[in-house]
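One structure is given here, and the rest of the page talks about it.
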């Protein structure tokens, strides 16, 4: 190959991101032993690990910076992160979901979200006319897009669907697990929320089960997701958060090399006489 793919430009200071990545303090495993004031209150705001833990902060700030968001929340898995977004909606809310998406989320939507009361409709998000036609003004609350979509790798025009959705006050959430912030930063294209199965590229070492949600703004819906995480106990363990930050230190190296290798393989087999579509 004559040239190598380059990282996407980052809005936050590259020096600031590097500093966050290199700062890797030890995990704090304490569940309830946090400093108290003489009156018994928690001066740090930390009281119980199910709500907050200092170890989360470093990885969350790093990922928020990488995605260009204002805040991030870590979860016990990618599924926990994704379902927290849906469970922060209300029964009766209409949601549009990419027709092609990770099977685990599709299964959860069919088995639990529908019976709980969400009005779930699958749509081809690569077809802008279908997206426009499927939106029910005043009832549609969320457009869930996965791009590239597992397993067919369909690509959705994020800027276009975000414009369509926002015109009728529909929130846009993007599962960007496959792309990572190295290749795509959905918030820059209008996404309100970015979701990751951090088990995959973000960690990259096959030794962590984790998920994450990044937000473009701190609003009441974001706080509702935070409340769900705390109340449902869908939090990541401190040691896993520490491992995740370790993994993200090599994110750009790994994704760029993977992309380079995939392109080399595709070029090698492009037009090969023994292959057919």
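Structure above, values below:
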| quantity | calculated |
| --- | --- |
| Burial ordering of 242, 108, fewest other beta-carbon atoms within 10 Å first | 108, 242 |
| Segment 92-115-segment 58-82 distance, computed between alpha-carbon centres (Å) | 22 Å |
| Relative contact order of segment 31-267, pairs being alpha-carbon contacts under 8 Å that are 6 or more residues apart, as % | 25 percent |
| Residue exposure sequence - 268, 58, 196 - by fewest surrounding Cβ within 10 Å | 268, 58, 196 |
| Distance between segment 196-213 and segment 216-236 - C-alpha centres, whole angstrom | 19 Å |
| Mean Cα-pair separation over length for segment 106-205, i.e. relative contact order, pairs under 8 Å, 6 or more apart, % | 22 percent |
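A short reminder: the numbers here are calculations on the coordinates, not readings from a lab. What you see is a predicted model; the values in this text were computed from it and never measured. Here the Cβ is made from the backbone with ideal geometry for all residues, glycine too, and neighbour counts use every protein chain on show.
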